[in-house]
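Structure first, then comments.
FYI, it's all coordinate maths here, none of it is from the lab. Everything numeric in this text was worked out from a predicted model, so none of it was measured. All Cβ positions, even for glycine, are placed from backbone atoms using ideal geometry, and neighbour counts span all protein chains on display.
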Amino acid sequence: MVSIRPFNEGDNQRMLEIERLCPQGDEKCAMGVEKKDIIARYKLYDNWDVLVSEVDGKIAGWTGLTVKATPDQKEKYAYITEVMVDPAFRRAGIATKLVKEAEKKAREMEANYAYCYIYDPNKASQSLFEKMGYSKVKGIKFPGISTYKKLEVPPEYSIKYVNTKKIDDVIGLINEYNSGFMHFMPFTDQTFEAHLRLIPSYGPENFRVVMDKNNKIAACAGLWDSSKLAQLYYAREPAAMKIMKSIYGILKYITKVPKLSAEGEHLKLLYIVDYAFDKAQPDAMLSLLKYLNNLSIHMKQDFLMAVTDPDDDLLTLMKKLQPQTETWNVFAKSFEGNLPAFNPFYVDIRDIIP
Ligand SMILES: CC(C)(COP(=O)(O)OP(=O)(O)OC[C@H]1O[C@@H](n2cnc3c(N)ncnc32)[C@H](O)[C@@H]1OP(=O)(O)O)[C@@H](O)C(=O)NCCC(=O)NCCS
């Protein structure tokens, strides 16, 4: 008998076991996630629900959600964080039941629509959500720069830690950069400070600004190590990576080559978050990217990753540094009326912990 009930703390161990069995992707490419606390990511939201499915008293899977609101509170919408089913219980309608229950909760909390992210190679999950009436509204890009070679940072810009007394200028730049992006909630002094402190392993000590020759902030970005919440690894390695490995295997004897993680090995990566720049000074942001590349090497990390709308100007700049780019698709379903246009789309960094 299949039943659905709320999560309780005693479920953590069994859910972690299931998560290990659930890489997201297909036979050719799949991303695995390893955590210590299955609900750590949920604690970053104002409200959340995790629904656990049991088959004859044994946990078979779960889903989770949070409901967010626009700044004026006029519209509420749900983020379906994940749906995981133990391989032993698949193709029996468990995920379908879980998502339906999550949608019911979302509607009870007055959400008008729901969205989720699905890793591009994860065809099973895409077909699950399509069958449930969701459609692909966006392909979010994850450009990752392999940080193995120091880059020269041009001297015209000075790069500093953020001066918390000048935080208003930073907030102004971030708000302007993201103005008009769907789901972006403009920051105030209080909300920005709270945001920096809320996200584990982030904080003002990981935030940098670039000053131009007029001593004006021309670019800014935070650096976030998300590994405290979740570690990512390729459970099945993409074919392109295997080819690169064989090429680099020879090249490494004559030059520096990017580190390519072995299957199952944790990816050591830092996220570039809360970035913004003066569009008239793209070189300021490029300088910051180069500086962060060097910092990532110093911190013994292998990748510098951003998460962007495909039309975000940061993506254009990152392409100059030859990133490897992954795509996660946004799927959404309206509960009432038409879906809004997800264009351009702002990614809430709390959502990117898979
Ligand atoms: C995706 C997943 C949650 C599906 O769970 P499930 O309980 O087997 O799904 P359901 O039985 O409810 O399937 C409903 C429909 O989804 C689609 N679907 C599910 N698994 C599929 C697969 N492997 N291939 C193609 N379509 C699939 C089918 O249309 C299916 O209907 P059908 O069985 O009548 O053909 C499960 O495979 C899983 O946990 N995968 C790993 C973790 C993951 O990727 N989670 C999603 C990330 S948020």
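Output the relative contact order of the range 93-223, whole-number percent, from Cα pairs under 8 angstrom with separation of 6+ residues.
21
How large is the dipole of the range 1-106 about the Cα centre if only Lys and Arg carry +1 and Asp and Glu carry -1, each at its Cβ, rounded to the nearest 20 debye?
Once rounded to the nearest 20, the dipole reads 160 debye.
Positive end of the charge dipole of the range 172-275 (Lys, Arg +1 and Asp, Glu -1 on Cβ, about the Cα centre): tell me which of Phe187, Ile174, Ala218 has its Cα farthest that way.
The residue sitting most towards the positive pole is Ala218.
As a test, work out the antiparallel percent of DSSP beta bridges whose residues both lie in the chain, rounded to the nearest 5.
Restricted to the chain, the bridges split so that about 90 percent are antiparallel.
Output ³J(HN,Hα) for the range 30-40: one whole-Hz value per residue in order, computed from phi by the Karplus curve 6.51 cos²θ - 1.76 cosθ + 1.60 with θ = phi - 60°, and x for Gly and Pro.
Karplus-based 3J(HN,Hα) across the range 30-40 equals 8, 9, x, 10, 10, 9, 10, 10, 5, 9, 3 Hz.
Give the calculated FRET efficiency between Glu17 and Ala69 to the nearest 0.05, with a Förster radius of 41 Å applied to their Cβ-Cβ distance.
Efficiency, rounded to the nearest 0.05: 0.75.
Can you list residues whose amide H is under 5 Å from Val137's amide H, if they're 5+ apart or on another chain and H is modeled 1.01 Å from N?
It is Val330, Phe331, Ala332, by chain and number.
When the label point is put 7 Å from the Cα of Leu198 along its Cα-to-beta-carbon vector, which residues of the range 334-350 have a backbone N closer than 17 Å?
346-350
Can you put His195, His298 in order, fewest other beta carbons within 10 Å first?
His298, His195
Can you list the HN-Hα couplings for the range 13-29, worked out from phi with the Karplus curve (6.51, -1.76, 1.60; θ = phi - 60°), rounded to whole Hz and with x for Gly and Pro?
Once θ is set to phi - 60°, the couplings for the range 13-29 become 4, 5, 5, 5, 4, 5, 4, 5, 8, 10, x, 9, x, 10, 5, 8, 7 Hz.
Taking the chain as the reference, fit the longest principal axis to its C-alpha atoms, fit the long axis of helix 239-251 to the helix C-alpha atoms, and give the angle between the two in degrees, 0 to 90, nearest 10.
Approximately 40 degrees, to the nearest ten.
For the chain, what does the helix formula give at 222 nm: sum of -39500 (n - 2.57) over DSSP H segments with n ≥ 4, over the residue count, nearest 500 deg cm²/dmol?
Counting only the DSSP helices, I get -8000 deg cm²/dmol.
Show me 265-278, 80-93 ranked by packing, highest mean number of other Cβ atoms within 10 Å first.
Going from most to least packed, we get 265-278, 80-93.
Please give the charge dipole size of the chain, origin at the Cα centre, charges +1 on K and R Cβ atoms and -1 on D and E Cβ atoms. Round to the nearest 20 debye.
Dipole of the chain, to the nearest 20 debye: 940 debye.
Could you tell me which of Ser287, Tyr275, Thr255 has its Cα farthest along the dipole of the range 253-292 towards the positive end, charges placed at Cβ (Lys, Arg +1; Asp, Glu -1), taken about the Cα centre?
Thr255
Give a residue-ordered list of calculated ³J(HN,Hα) values for the range 52-60 (Karplus: 6.51 cos²θ - 1.76 cosθ + 1.60, θ = phi - 60°; whole Hz; x for Gly, Pro).
Here the 3J(HN,Hα) series is 10, 9, 10, 10, 6, x, 9, 5, 10 Hz.
Which entries of Lys36/Lys76; Lys160/Lys252; Lys228/Lys259; Lys36/Lys104; Lys28/Lys149 show an alpha-carbon separation above 23 angstrom in the structure shown?
Lys36/Lys76; Lys160/Lys252; Lys36/Lys104; Lys28/Lys149
Dipole magnitude of the range 184-236 about its Cα centre, charges +1 at Lys/Arg Cβ and -1 at Asp/Glu Cβ only, in debye to the nearest 20?
Result for the range 184-236 is approximately 200 debye, rounded to the nearest 20.
Using 0.36 nm per residue of separation minus the Cα-Cα distance, give me the extension gain between Ile247 and Lys149 in nm, one decimal.
33.6 nm
Tell me which of Ala69, Ile39, Tyr113 sits at the most positive position along the dipole axis of the range 2-133, charges placed on C-beta atoms (Lys, Arg +1; Asp, Glu -1).
Positive-most Cα among the choices belongs to Tyr113.
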